[in-house]
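> My questions all concern the structure below.
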Amino acid sequence: QTLLYFPFKDSNSRNRLLIASALGFAGFIIPIIPWLMILGYAGAIMKQIIVDKQEPSMPDWKNWNEHIALGAKLFGVNLIYSIPVFIPMMLGYFGMMLPAFAEMVSDNSRGFVNSDQFLGITMLSTFGGMALFGVGMLFSIVLWVFLPPALAHVIAKDSFAAGFQFRD
């Protein structure tokens, strides 16, 4: 229960949550920096629990540069771990969209769009794209098993490289 209600326990915590919410909305207008701040702020909350062994609380919004630096570390680890998910999903998406683009650029006077050959390529590309997209989704399930401990390790060791150390 403490983990769910700590952002609302007093007026200071609610104000800090309001600042985080405002930064989240600003992230839709100003790219990247507000999201790194929020990610770093979440990392500071995790640090209270993991390193300092304290009850979770909403820390002050000071040391914005530290929040951005920690957010950049966490984002970098997240991005590198996500590459095996992104590659099959992007290839799958490309495969599913390929028939639409092929139809747009084809010369309709030759009847290519209506040919059986094009229908076979369309089905192969679409179903192959769906299969690759599914593989990416399966990889994402595996990612969510390994990513949280890696991010916690980055916070505990205060090192980007700690996200890739498995024997520590």
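> Keeping all protein chains in place, calculate the accessible area per residue for the chain (probe 1.4 angstrom), answer in Å².
Here the residues of the chain average 66 Å² of exposed surface.
> Separate question: Carbon-plus-sulfur fraction of the accessible area of the chain, 1.4 Å probe, in percent?
Ligands and nucleic acids excluded, carbon and sulfur give 70 percent.
> Find the centroid of the Cα atoms in region 1-56 and in region 124-168, then give the distance between the two in whole Å.
About 23 Å separates the Cα centre of region 1-56 from the one of region 124-168.
> Would you list which lysines come within 16 Å of K157, measuring only between C-alpha atoms, while excluding same-chain residues fewer than 8 positions from it?
K47, K53, K73
> Which order, highest average first, do 30-43, 80-93, 11-24 follow once you tally other Cβ atoms within 10 Å for each residue and take the mean per peptide?
30-43, 80-93, 11-24
The values are calculated or read from the model by the stated rules, or taken from the named source; none is laboratory data. Please read these numbers as outputs of a predicted model, since none were measured by experiment. FYI the Cβ positions are ideal-geometry reconstructions off the backbone, even for glycines, and counts take in every protein chain you see. Just the protein is used for accessible areas: all its heavy atoms, side chains included, with ligands, DNA and RNA removed. Shrake-Rupley method; radii C 1.70, N 1.55, O 1.52, S 1.80 Å.
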